[in-house]
Amino acid sequence: MAKVQNRSTKNDPTLEAIPLACADEAAAVEFMEKQRWGAHPACPRCGSLNVYQMRDSRTGERQADYRWRCREKHPSQQFTVRTGTVFEDSRAELRHWCFAFWRAATSKKGVSALEIHRQTGLSYKSSLFMLHRIRFAMADSVVGPLGGEVEVDETYVGGKPRYKGVSKRGRGTKKQCVLAMVERGGRVKTRPIANVTGKTLKDAIREDVHASARIITDENSAYTGIGAEFAGGHQTVCHSAREYVRGDVHSNTIEGFFSIVKRGINGIYHAVSKEHLHRYMAEFEFRYNNRHLEDGERTTAAIQAAEGKRLTYRTPASAVE
Ligand SMILES: [Zn+2]
């Protein structure tokens with residue numbers, strides 16, 4: 001993992017631990033255990049802290065698969081740090097998961113499966129699978145409705161065929177519409193929109209923004225009338241009249257978010273299909289919503305979000321890849 005460290009890791013024990021965790025499996029397991037449980041390892045099935053590491057009776061070393069055992073009486077007392085996470089049924093070593101989590105949580109524009117493949121030696125397909133699971137862990141980083149001053153806008157992303165004229169898959173790929181809603185100084189929520197009409201855009205705003213908010217959009221007529229439903233009203237920025245800023249009626253916050261998304265989609269991911277767009281958007285949302293954290297803290301947040309997502313992830317089995 002030659003490329004792991006460039007920036008300062010001062011006072012960030014998580015970042016200090018990452019190079020070793022990305023290189024050595026035993027260190028990776030300990031790293032993940034610490035991220036997930038802190039000082040108190042808990043049984044993922046019953047929550048009990050009455051657990052112990054299983055060790056080889058002769059050597060006293062931890063078992064090769066790093067199992068734990070719960071002392072409470074219930075079926076399946078054994079577990080590992082993978083149990084109940086998005087990486088539970090993955091065969092990839094945890095050191096590669098550490099690397100992927102770290103890169104996905106800290107790269108401004110995102111990390112490609114190609115980079116994971118090159119840095120870890122995993123197959124491209126496994127790398128892509130790993131990143132999709134991390135994106136799944138990162139999803140739903142906003143809890144509850146948005147409020148305050150909320151800028152709303154839609155943009156079109158992706159759609160560029162990766163291998164022009166060679167791959168049939170790329171042909172005819174259209175740009176996809178994404179609606180984003182962002183609190184000034186706060187959080188962002190996005191929704192890929194398949195059917196762009198005033199009704200779908202407004203329904204999304206109604207669902208994700210609290211009725212006390214103030215809505216700011218551009219002059220797109222699709223948003224007309226939404227102000228009546230929000231206590232703060234609705235102001236529009238008239239871009240066509242070169243009016244980008246009128247007092248506090250501007251869309252600078254959402255433009256900033258979209259520029260990060262576009263640099264990532266165009267620069268790192270190239271083509272993003274309709275089926276996967278929501279996964280990539282979940283990743284951009286996660287990094288934006290956790291932008292005030294240090295890199296190490298953001299990595300920890302992503303790993304902790306990997307817990308408890310496994311079952312919901314499995315429900316749509318066909319949606320895994
Ligand atoms: Zn238990």
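Each reported figure results from applying straightforward, stated rules to the coordinates on display, with no laboratory input. In this text, all values refer to a predicted model and were calculated from it rather than measured experimentally. Reconstructed Cβ throughout: ideal geometry from the backbone, glycine too, with neighbour counts over all protein chains shown.
Assorted remarks:
- Those residues of the range 139-159 whose amide nitrogen sits under 19 Å from the label point placed on ALA211, 7 Å along Cα→Cβ: 144-150
- Neighbour-count ranking [beta-carbon atoms within 10 angstrom, fewest first] of LYS189, LYS73: LYS73, LYS189
- Packing around the peptides 177-185, 39-47, 51-59, taken as the average count of other Cβ atoms within 10 Å per residue, puts them in this order, highest first: 177-185, 39-47, 51-59.
- Extending 7 Å from the Cα toward the beta-carbon at both ARG91 and ASN266 defines two label points whose distance is 4.0 nm.
- Nonlocal amide H pairs with ASP153, under 5 Å, H built at 1.01 Å: ALA180
- In terms of Cα atoms, the Rg and Dmax of the chain work out to 22.2, 79 Å.
- The packing ranking, built from the mean of other Cβ atoms within 10 Å per residue, places the peptides 207-220, 145-158 in the order 145-158, 207-220, highest first.
- Pair LYS274, ALA26: separation of 7 Å Cα→Cβ label points (nm): 5.2 nm
- What the Cβ-Cβ distance of SER76 and ASN50 gives, at R0 = 22 Å and to the nearest 0.05, is a FRET efficiency of 0.90.
- Taking other C-beta atoms within 10 angstrom as a stand-in for reagent exposure, ASP203, ASP65 fall in the order ASP65, ASP203, fewest first.
- Choice from SER273, SER126, SER76 showing the highest fluctuation, given a GNM over the chain with Cα pairs closer than 10 Å: SER76
- Sites LYS199 and HIS292 - FRET efficiency at Förster radius 41 Å, r taken between beta-carbons, to 0.05: 0.70
- The chain: calculated mean residue ellipticity at 222 nm from DSSP helix runs of at least 4, using -39500 (n - 2.57): -10500 deg cm²/dmol
- Theoretical FRET efficiency, 1/(1+(r/R0)^6), r = Cβ-Cβ of SER221 and SER107, R0 25 Å, to 0.05: 0.10
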